[in-house]
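The values are calculated or read from the model by the stated rules, or taken from the named source; none is laboratory data. All figures in this text were calculated on a predicted structure; none of them were measured in a lab. Positions of Cβ are backbone-derived with ideal geometry, glycine not excepted, and every protein chain shown enters the neighbour counts. These area figures cover heavy atoms from the full protein model, side chains too; ligands, DNA and RNA do not enter into them. Shrake-Rupley method; radii C 1.70, N 1.55, O 1.52, S 1.80 Å.
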Amino acid sequence: RQLRASQERLHDIARLVSDWIWETDRALSLTYLSERVIEGTGRHPRTLLGRPFAELFCDPLPPFAESGEPVPQPFRDLEARVLHSDGSARIFRLSGVPVYAEDSGAFLGFRGTAQDITDSRLRERALQESRDLAERASRAKSEFLATVSHELRTPLNAIIGFSEIMVAESFGPMGNATYRGYVGDILHSGQHLLQVINDILDVSKIEAGRLEIDDKEVDSREVAASALRFVCERAGQWRVELETDLPEDLPHILADERALKQVLLNVLSNAIKFTAEGGSVKLSARLDDNGDFLFVVADSGIGMTPEEIEIALKPFGQ
């Protein structure tokens with residue numbers, strides 16, 4: 001009864017687990033296969049018993065493919081292909097342990113499991129191909145943006161340069177106040193477009209991992225004032241009050257001036273954009289108790305929930 005119960009237990013386990021179970025003799029010929037082998041190979045266990053275990057596989061499989069006496073060592077997660085009866089190749093992960101006689105300790109063969117990992121390998125391959133495709137597309141986009149941006153900057157610098165000469169009236173008065181206004185608009189638009197192009201180049205460099213930070217000593221109050229000058233017109237259009245708290249004794253700081261100014265511009269622009277008419281935006285700077293330098297932008301706008309902040313901090317999150 002105990003033997004029958006043990007056999008039934010083994011049969012149930014072999015039938016229920018996703019792997020198929022196998023066993024060989026000392027000569028590495030199959031002596032047992034669970035019925036799950038049918039799913040992986042398309043063959044009934046009875047047609048495979050007595051055949052060399054290595055014949056099941058398309059790839060060499062140590063220790064079963066070795067000549068001479070087999071090496072009785074346990075192994076785990078060896079991968080090999082099996083040719084299915086329908087002509088397809090399936091990939092299996094094999095694990096096994098040597099079996100020894102209880103009385104004499106003689107090597108009797110191997111016992112182990114085989115797991116079909118074909119579908120998971122196909123998913124991994126498809127995922128890797130998708131990742132490679134996305135990376136190639138991203139590199140192509142970055143290279144395209146960098147090339148176009150460089151091509152645009154050359155004529156744009158000429159437009160800005162000639163506009164500056166005309167605004168300064170270096171070669172004599174222009175003669176018409178309307179024209180002077182137009183030239184000023186051209187100069188302002190050209191400078192704005194150049195800034196946009198520089199931002200595009202920065203994004204391309206960031207994505208390519210080649211953005212260089214040029215740290216040097218900068219006047220923190222001057223950086224803040226410069227950023228405010230860029231947004232004050234927009235604040236006036238939106239009827240948003242701009243406030244500042246920039247003490248005279250603010251220290252100079254070590255930073256990339258252009259990148260720092262860009263950060264302040266982005267945050268200030270968003271603060272103004274999401275503050276209703278009649279609201280306020282305040283830019284302040286100070287040293288905290290730990291000696292860290294802080295720029296603070298505070299607004300009376302709609303604000304964000306913690307969940308929205310988490311989304312905004314992710315790439316492309318809005």
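Details
- Counting only DSSP beta bridges with both residues in the chain, the antiparallel share comes to about 90 percent.
- Options (i) 22.1; (ii) 27.7; (iii) 19.9 - which one matches Kirkwood radius over Cα pairs in Å as calculated here: (ii)
- Were the residues from Leu49 through Ser130 laid out at 0.36 nm apart, the gain over their Cα-Cα distance would be 24.9 nm.
- What the Cβ-Cβ distance of Ala259 and Phe171 gives, at R0 = 25 Å and to the nearest 0.05, is a FRET efficiency of 0.10.
- Fraction of accessible area attributable to carbon and sulfur, the stretch 100-152 (%, probe 1.4 Å): 56 percent
- Taken per residue, the accessible surface of the chain reaches 67 Å², heavy atoms only and a 1.4 Å probe.
- Check: the chain dipole with +1 on Lys, Arg Cβ and -1 on Asp, Glu Cβ, in debye: 1540 debye
- Cβ-derived FRET efficiency at R0 41 Å, Ile311 paired with Asp289, nearest 0.05: 0.85
- Fraction of accessible area attributable to carbon and sulfur, the stretch 189-234 (%, probe 1.4 Å): 50 percent
- The modelled label-to-label distance between Tyr182 and Asp12, using points 7 Å beyond Cα along the C-beta direction, is 9.4 nm.
- Our estimate of slack between Lys282 and Asp245, defined as 0.36 nm per intervening residue step minus the Cα-Cα distance, is 12.6 nm.
- Loop-located chymotrypsin sites (Phe, Trp or Tyr not before Pro) in the stretch 282-318 whose Cβ has at most 10 other Cβ within 10 Å (DSSP): Phe316
- Projected label distance in nm at Ser95 and Gln191, using a 7 Å step from Cα toward the beta-carbon: 6.9 nm
- Longest exposed-site-free window of the chain, the sites being trypsin sites (Lys or Arg not before Pro) in a DSSP loop that have at most 11 other C-beta atoms within 10 Å: 2-209
- Screening the chain for whole DSSP H helices with an alpha carbon extent of at least 20 angstrom along the helix axis and a mean Kyte-Doolittle hydropathy of at least -0.5 yields 118-168, 177-208, 220-237, 257-273.
- Given the chain, longest segment not containing exposed loop GluC sites (Glu not before Pro) (DSSP; at most 10 other Cβ within 10 Å): 103-211
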